[in-house]
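**Student:** Mind having a look at this structure? Questions to follow.
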Amino acid sequence: MNQPNKTEPVPPEPSEPPDSERRRIGKVVHDDRGNASVSWSDAPADYQRPVLELMEDAAAEPEQGFNPYGLGATGPHRTPASKPSTGNTTRTDLRKLSDWIKVMREIEQRKRNGGEQD
């Protein structure tokens, strides 16, 4: 039990705040390969952090989010009346590719066999 006539020793004030309360400024830096990292430095005593806040008039009017899968999607390069693009308009004939691969394998086989023909 605490007795009223005894006083507990008061711990001395630390000269520097603990790490959790220390104010630091982070700056993004890039090394010679272009990799980004954060360089930390102590903030000056008179440093004022910028205040970030929401604008009230923008929050008053709810907006619909962009749906990339929506059929009626419009963009700077499309008008609502235009048909969606199907992508590449030229088709690759895979049979020709298959024939070419077979010919290349035959040539490699002939080279391995010393130029003999079957």
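**Student:** How many residues does the range 86-118 contain that are at pLDDT below 75 and assigned to a helix (DSSP H, G or I)? Reasoning before the result, please.
**Tutor:** Quick first cut of the range 86-118, residues at pLDDT below 75 only: 86-89, 115-118.
Then keep just the ones that are assigned to a helix (DSSP H, G or I); that gives none.
So the count comes out to 0.
**Student:** Moving to a separate point now. Looking at the range 40-59, which of the residues that are open to solvent by 80 Å² or more (accessible area, probe 1.4 Å) and over 30 Å from Lys27 (Cβ atoms) is modelled with the lowest pLDDT? Outline the logic, then answer.
**Tutor:** Filtering the range 40-59 down to residues open to solvent by 80 Å² or more (accessible area, probe 1.4 Å) leaves 40, 42, 45-46, 48-57.
Narrowing further to those that are over 30 Å from Lys27 (Cβ atoms): 56-57.
On the way: Glu56: 75, Asp57: 68.
Taking the candidates together, the pick is Asp57.
The values are calculated or read from the model by the stated rules, or taken from the named source; none is laboratory data. Keep in mind the model is a prediction, meaning the values are calculated, not measured. Don't worry about glycine lacking a Cβ; one is built from the backbone with ideal geometry, like all the others, and counts go over all protein chains shown. Only protein heavy atoms, including side chains, enter the accessible area calculation; ligands, DNA and RNA are left aside. Shrake-Rupley method; radii C 1.70, N 1.55, O 1.52, S 1.80 Å.
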